[in-house]
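Peer 1: The following block contains the structure, expressed as structure tokens.
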Amino acid sequence: MLEVDDRTPPLLVHEGLGFRLEEFPLGTRVVYPPEPQPTVPDVDEAILEALLHPVDSEPLPALLKAGMRLTIAFDDLSLPLPTMRPPDIRGRIIEHVLELAAQAGVDDVELVAANALHRRMTPAELRHIVGERVFRSFHPSGKLYNFDAEDRANLAHLGHTDKGEDVEISKRAAESDLLVYVNVNLVAMDGGHKSVGIGLASYKSLRHHHNAKTMVHSRSFMDHKHSEMHSSAWRIGRLIKDHVKVFQIETTLDNNVFPKPYEFMMKREWEWTRRDQATALGMRRGLGLMPQKLRHRTFHDVRSAYGLTGINAGEVEAVHDRTLRKVHQQQRVEVQGQTDVAVFGIPYVGPYNVNSWMNPILATCVGLGYFFNSYLGSPIVRQGGVAILYHPLDEGFSTLHHPSYVDFYDEVLAESTDPAVIGEKYEQQFATDPWYVHLYRTSNAYHGVHPFYMWYWAAHAMDHLGDVIWVGADRKAAARLGFRAASTLRDALEMASSTVGNDPTITYLHNPPHVLADVR
């Protein structure tokens, strides 16, 4: 539903490792996420139903043969957000797949995390996803591992699409008799051909769609039929389908993001009880007194009690069509018309800082990449409008997880913030740097090219907007990113008046939980 509140009570706005209760101008339009969808009554029964009665495919047991080579790939820790309480749905599915494989006499099985150019997961993080039994059975023998996109000996080049795009993926996956992919579809951009074609791909393939030109022409990453990035991924996926037998398993979750004592964040503010109000005020004051490291641990220790709303298995595209319907049921909200000013609160976690720090580049990616693109039809803010985002833009970088980000921030953005310019001038240097490659392969670092990709995610928004203003941000950091900073919302709106006038329409996209604005 769409909520427009003319009373404008204080609204909760996320801002990194904390939140504030903000008073918006009278008449601000507030777009709230829908209520949680019903969940399946029996998860194991739903899993087996999907495996035994797949879409446009033989049942999984019919595809499993003694002596075959089976590879099970799965989404990495970038999904879901926040991390799911154990047991993770991927682990539950993998156990069922392995049981069916054992019954069929399949003993050549490997499990690979489809992390592409993301950082390698730690053993503890792998254990959380696959579960203790699977971890103990496969990890010590090296049969459970992170995909290495720089291991040239273990990559397979399958050819080129009709647009000349290289298709290079995991050799193990390419040479398997069956590749089972286990997905979590948190938002509409996940899943489909994006799973194998991106998750198990090398830089040689990824460069064709993770670039400034493609991103600018992707009119919402959440609508694969109007996204140039997804068009490329679909071409790549269809070529993979000609060479590899893929059995896709996709899951959808409700939006039960915040457990106790954070459940007040799931409610509309006027629905808060006195207890909710007291909890919110007490938590805000407590967070203000906490050292930053303690606040970081407090939030990153949150485990969400997601419920499974659906699971489908079988042929990739047929499965994904069903998945999208479920995602839209949970997240889609009809919004009448665009707005002059859109407001976004940036939370403490995004896909690329799980168990890590949200640096200014990642905050930009979440705000102008993910949240701005959370639409169907048209962006929620008009062409030439203004985005106001809340985040401190703390310059603290994780040198373990994001080493190339430091140099990107200090050197590349100091020269230019234009995605096309920096891509042309610097991308190859960072993508092939031996030290960054070494850290990606042997430590827990994101690939050297990864900060470029995060910046490209924001290219469509930067091309569309007339101004970007960060409330509560470090002014030096905002300037380095090419944006402006304001101390308060009132100041931000006054700054925006030079672009949108003195009486702009304002829309606050109230997330998380995730909301997908269907702008008519």
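Nothing in this text is a laboratory measurement; each read-out follows from the coordinates by a stated rule. Being a predicted model, the structure only gives us computed values, none of them experimental. Heads up, the Cβs are rebuilt from the backbone with ideal geometry, glycines too, and the neighbour counts pull from every protein chain shown.
Peer 1: Quick one: putting +1 on the C-beta of Lys and Arg, -1 on the C-beta of Asp and Glu, what dipole do you get for region 292-382 around its Cα centre, in Debye to the nearest 20?
Peer 2: In debye, rounded to 20, region 292-382 gives about 380.
Peer 1: Evaluate E = 1/(1 + (r/R0)^6) for D108 and T432, where r is the Cβ-Cβ distance and R0 equals 41 Å; express this FRET efficiency to the nearest 0.05.
Peer 2: Given R0 = 41 Å and the Cβ-Cβ separation, E is 0.75.
Peer 1: Using the Kirkwood radius over Cα pairs, work out the Stokes-Einstein diffusion coefficient for region 43-253 at 25 °C and 0.890 mPa s, in µm²/s as a whole number.
Peer 2: Here the translational diffusion coefficient equals 141 µm²/s.
Peer 1: Continuing with the same structure: If I stretch the segment between K425 and Q383 completely, what's the gain in nm (0.36 nm per residue apart, minus their alpha carbon distance), one decimal?
Peer 2: Gain in length upon complete extension: 12.3 nm.
Peer 1: I want to check the label-to-label distance for K225 and D162. Put each point 7 Å from Cα in the C-beta direction and report it in nm to one decimal.
Peer 2: The answer from the label model is 1.9 nm.
Peer 1: Using a Förster distance of 60 Å, how high is the FRET efficiency between R133 and M495, based on the Cβ-Cβ distance and rounded to 0.05?
Peer 2: Between R133 and M495 the formula returns 0.60.
Peer 1: Name the trypsin sites (Lys or Arg not before Pro) in region 1-105 that are in a loop by DSSP and that have at most 10 other C-beta atoms within 10 Å, would you?
Peer 2: R7
Peer 1: So if I place +1 on the C-beta of Lys and Arg and -1 on the C-beta of Asp and Glu, and nothing else carries charge, what would the dipole magnitude of the chain be about its Cα centre? I want it in debye, nearest 20.
Peer 2: 720
Peer 1: Towards the positive end of the charge dipole of region 376-457, with charges on Cβ (+1 Lys, Arg; -1 Asp, Glu), say which of S416, H450, Y405 has the farthest Cα.
Peer 2: It is H450, whose Cα lies furthest towards the positive end.
Peer 1: To continue, here is another question. Amide H neighbours of V343 under 5 Å, at least 5 residues apart or on other chains, H built in the peptide plane: list them.
Peer 2: It is I388, T507, Y508, L509, by chain and number.
Peer 1: With no solvent and one equal point scatterer placed on each C-alpha of region 162-203, evaluate the Debye formula and give log10 I(q)/I(0) for q = 0.30 Å⁻¹, two decimals.
Peer 2: These q points yield log10 I(q)/I(0) values of -1.11.
Peer 1: Averaged over all directions, how much area does the convex hull of the C-alpha atoms of region 3-133 cover when projected, in nm²?
Peer 2: Average of the hull's projected areas for region 3-133 equals 12.3 nm².
Peer 1: Considering the convex hull of the alpha carbon atoms of the chain, report its projected area averaged over all viewing directions, in nm², one decimal.
Peer 2: Quarter of the Cα hull surface area: 22.4 nm².
Peer 1: Give the long-range amide H neighbours of M84: residues separated by 5 or more places, or on another chain, with amide H under 5 Å away, using H modelled in the peptide plane at 1.01 Å from N.
Peer 2: S304
Peer 1: Also: Roughly how many whole Å is it from the C-alpha centroid of region 86-141 to that of region 489-520?
Peer 2: Cα centroid of region 86-141 versus Cα centroid of region 489-520: 43 Å apart.
Peer 1: Okay, next question. Cβ under 15 Å from N185's Cβ, N185 left aside: what net charge do those residues give with Lys, Arg +1 and Asp, Glu -1?
Peer 2: For residues surrounding N185, the net value is -3.
Peer 1: Something else: So if I place +1 on the C-beta of Lys and Arg and -1 on the C-beta of Asp and Glu, and nothing else carries charge, what would the dipole magnitude of region 237-340 be about its Cα centre? I want it in debye, nearest 20.
Peer 2: So the dipole magnitude of region 237-340 works out to roughly 560 debye.
Peer 1: Here is a follow-up. Nearest 10 degrees is fine. How inclined is helix 89-103 to the longest principal axis of the chain, computing both from alpha carbons?
Peer 2: 10
Peer 1: With n ≥ 4 as the cut-off for DSSP H runs, can you work out [θ] at 222 nm for the chain, using -39500 (n - 2.57) per run divided by the number of residues, rounded to the nearest 500?
Peer 2: -10000 deg cm²/dmol
Peer 1: Hey, if you put +1 on the Cβ of every Lys and Arg and -1 on every Asp and Glu Cβ in region 43-253, which of I94, V43, L60 ends up farthest toward the positive end of that dipole?
Peer 2: I94
Peer 1: Relative to the present Cα-Cα distance, how much length would full extension add between E175 and N502 at 0.36 nm per residue of separation?
Peer 2: Separation in residues times 0.36 nm, less the Cα-Cα distance, equals 111.6 nm.
Peer 1: Roughly how compact is region 270-398, stated as its Cα Rg over 2.2 N^0.38 Å to two decimals?
Peer 2: Normalised Rg, Cα atoms only: 1.31.
Peer 1: Would you mind calculating the gained length between R475 and A62 on full extension (0.36 nm times residue separation, minus the Cα-Cα distance), in nm to one decimal?
Peer 2: Length gained, R475 through A62: 142.7 nm.
Peer 1: Another question about this same structure. Of the beta bridges DSSP finds with both residues in the chain, what % are antiparallel, to the nearest 5?
Peer 2: Just about 25 percent of them are antiparallel.
Peer 1: Moving on. Each residue of region 219-224 in turn: what ³J(HN,Hα) in whole Hz from Karplus with 6.51, -1.76, 1.60 and θ = phi - 60°, glycine and Pro shown as x?
Peer 2: 7, 5, 5, 8, 10, 5
Peer 1: Another question about this same structure. Tell me, what is a quarter of the convex hull surface for the C-alpha atoms of region 141-231, in nm² with one decimal?
Peer 2: About 6.9 nm², averaged over all directions.
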